[in-house]
Amino acid sequence: MLAQLKNKIIVVKCGGAAMVESAQMQEMLEALVVLHQAGVRLVLVHGGGPEITKYCQKLNMPVQFIKGQRVSDAATLELAQMVLFGKTNRSMVTHLNQCGIQAVGLTGQDAACVKAKKWQDQDGTDLGFVGSVEVVDPRLINTLMQAGFLPVVAPIATSSDGQTYNVNGDLMAGAIAGALKAEKLIMLTDVNGYYNDIKDPNSRVPELTQAKIETLLTLGKVEGGMVPKLQACVAALAAGVKAAHLLQGNKLKQFFANEDQQAIGTVIQ
Ligand code: ADP
Ligand code: MG
C-alpha cells in the first residue's frame, strides 16, 4: 500500500485517548516514521481530552461532555489552550523530532489557517466556547509539507471577530483533510474502529458508508466521542477525501502493512 501513497496527503488525528499510553504513542511514532520515509505527506492533528480533564480536576473545575464535546466556559477554554498547545503539542513535536522527522507545531490561529465559529448544536444546547470550523486556508500547511516539515496542529482556532474556540480534534482533522483533499483521514483512538455494541469486542464494523453513518447519527445510535468522529469522517468524504479510517492508536503500522483495508478498524468510503 505504501508505494502508492508517495507524495499523497494523509491527515492523521491522534486522539487524546490513544496518547495516554506511552507504548501506543511509541508504536504510532514508529508508524509515522515509516510513512514519512515512504514520501507520504503527513499532517498530524491531536486531541488532548484526558490531559485537559486531569488539569480541570487538579484545579477543581467542572468537566462536562455533551455528545462527545467538552462544554467550555472561559476558564476551561483558557486551560484547554494551555494544555493543548503548551503541553500536548510540544510533546508531540519533540517526540517526532527525536524520531528524525522535522515537526512544526501550530494551532488554527497560525496564519489563521483554520477559522472557527461558535458551535451551533442541533437541539440548541449551548456548549460555551466550543467552535466548529468555518473555513480552512490550506496554504501554510501545504507550504510546510512541501518543504518537508510535518505540521502538528492543536485544535484551537479563532473566529473572524476575534473569539477563540476549543474545537473538537476530530472535527478539526476532518475539515483540514477536506481542505487538503487528502487521500486518507486516519482517526487514531483507543478503540479499534466502530462497534455495533461498544461492550461487545466481536461487534467491530469493518466498513461504513456516509449514508449508513447519517442513519446511525439520526437514530441516535452513536454515543460520546464517536459522534464527532463520525461527523468529521462524513464531512471529510463530502469534501473529497477518498477514505476515512478509524483505528486503534497502536495499529497504524499493521494497517499499512496489510493490503486488506477492512482487516483492521473501520473504513468509511
Ligand atoms: P479520542 O480522544 O480518540 O477522540 P474519544 O473518547 O473522544 O477519544 O472517542 C473514542 C471513544 O468513543 C471510545 O473510547 C468509546 O468509548 C466511544 N464510543 C462510543 N460509541 C462507540 C462505538 N459505537 N464504537 C466505538 N467507540 C465508541
Ligand atoms: Mg474525542
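The values are calculated or read from the model by the stated rules, or taken from the named source; none is laboratory data. Just so we're clear, the structure is a prediction, and the values are computed from it rather than from any experiment. Cβ coordinates were reconstructed from backbone atoms using ideal geometry, including for glycine residues, and neighbour counts include every protein chain displayed.
Kindly list, by first and then second residue, each pair from a residue in segment 62-86 that is modelled with pLDDT of 95 or more to a residue that is in a helix (DSSP H, G or I) and among the acidic types (Asp, Glu), limited to pairs with Cβ atoms under 9 Å and residues at least 6 apart or on different chains.
Val83/Glu51; Leu84/Glu51
Any residue that is under 26 Å from Pro50 (Cβ atoms) and within 15 Å of ligand 2 (Cβ to nearest atom) - is there at least one of those in segment 194-213?
For segment 194-213, residues under 26 Å from Pro50 (Cβ atoms) and within 15 Å of ligand 2 (Cβ to nearest atom): present.
Applying the selection to segment 184-204, what residues are acidic (Asp, Glu) and under 15 Å from the mean Cα position of the chain (by Cα)?
Pass one, segment 184-204, residues acidic (Asp, Glu): 190, 197, 200.
Residue satisfying the conditions is Asp190 alone.
Could you check, for segment 30-44, whether at least one of its residues is acidic (Asp, Glu), in contact (Cβ under 8 Å) with a residue 60 or more places away in the chain and away from ligand 1 (no atom under 15 Å from the Cβ)?
As a first pass, look at segment 30-44 and keep what is acidic (Asp, Glu): 30.
Subsequent filtering for residues that are in contact (Cβ under 8 Å) with a residue 60 or more places away in the chain retains 30.
Next, only the ones that are away from ligand 1 (no atom under 15 Å from the Cβ) stay: 30.
Scanning segment 30-44, I find at least one residue that is acidic (Asp, Glu), in contact (Cβ under 8 Å) with a residue 60 or more places away in the chain and away from ligand 1 (no atom under 15 Å from the Cβ), so the answer is yes.
Restricting to segment 178-193, what's the tally of residues that are among the aliphatic types (A, V, I, L, M), within 16 Å of ligand 2 (Cβ to nearest atom) and at pLDDT 95 or above? Before you say what the answer is, go through the steps one by one.
The first filter runs over segment 178-193 and keeps only residues among the aliphatic types (A, V, I, L, M), leaving 179-180, 182, 185-188, 191.
Restricting the remaining residues to those that are within 16 Å of ligand 2 (Cβ to nearest atom) gives 185-188, 191.
The next check asks that each one be at pLDDT 95 or above; those that pass are 185-188.
Of the residues in that region, 4 qualify.
Looking at (1) under 12 Å from Val11 (Cβ atoms); (2) in contact with a strand residue (DSSP E or B) (Cβ under 8 Å, 6 or more places away or on another chain); (3) away from ligand 1 (no atom under 12 Å from the Cβ), can you tell me which one Ala239 breaks?
Failed condition: (2).
Suppose we filter segment 25-53 for residues that are within 15 Å of ligand 2 (Cβ to nearest atom) and assigned to a helix (DSSP H, G or I); how many remain?
5
Please go through (1) modelled with pLDDT of 95 or more; (2) acidic (Asp, Glu); (3) more than 17 Å from Trp119 (Cβ to Cβ) for Asp197 and return the number of the only condition it doesn't satisfy.
Tallying (1) modelled with pLDDT of 95 or more; (2) acidic (Asp, Glu); (3) more than 17 Å from Trp119 (Cβ to Cβ), Asp197 fails exactly one: (1).
State whether the residues of segment 11-22 include one that is surrounded by fewer than 22 Cβ atoms within 10 Å (Cβ to Cβ), over 28 Å from Gly100 (Cβ atoms) and more than 16 Å from ligand 2 (Cβ to nearest atom).
no
Cβ contacts < 6 Å: first residue under 19 Å from Lys251 (Cβ atoms), restricted to segment 179-191; second residue within 7 Å of ligand 1 (Cβ to nearest atom) and of a type in the set (A, V, I, L, M, F, W, C), any location; separation 6+ or different chain. Result?
Leu188/Ala18; Thr189/Ala17; Thr189/Ala18; Asp190/Ala17; Asp190/Ala18
Inspect all residues belonging to segment 129-140 and state whether any of them is closer than 20 Å to Gln231 by Cβ, touching a helix residue (DSSP H, G or I) at 6+ places or on another chain (Cβ under 7 Å), at pLDDT 95 or above and not hydrophobic (A, V, I, L, M, F, W, C). Explain how you work it out, then say what you get.
Let us first name the residues in segment 129-140 that are closer than 20 Å to Gln231 by Cβ, namely 129-136.
Cutting the leftovers down to touching a helix residue (DSSP H, G or I) at 6+ places or on another chain (Cβ under 7 Å) gives us 129, 132-133, 136.
Okay, now just the ones that are also at pLDDT 95 or above, so 129, 132-133, 136.
Then drop every residue that is not not hydrophobic (A, V, I, L, M, F, W, C), which leaves 132.
Within segment 129-140, one or more residues are closer than 20 Å to Gln231 by Cβ, touching a helix residue (DSSP H, G or I) at 6+ places or on another chain (Cβ under 7 Å), at pLDDT 95 or above and not hydrophobic (A, V, I, L, M, F, W, C).
Considering only segment 119-158, state which residues are of a type in the set (Gly, Ala, Ser) and farther than 21 Å from Asn89 by Cβ.
Of everything in segment 119-158, those that are of a type in the set (Gly, Ala, Ser) and farther than 21 Å from Asn89 by Cβ turn out to be Gly124, Gly128.
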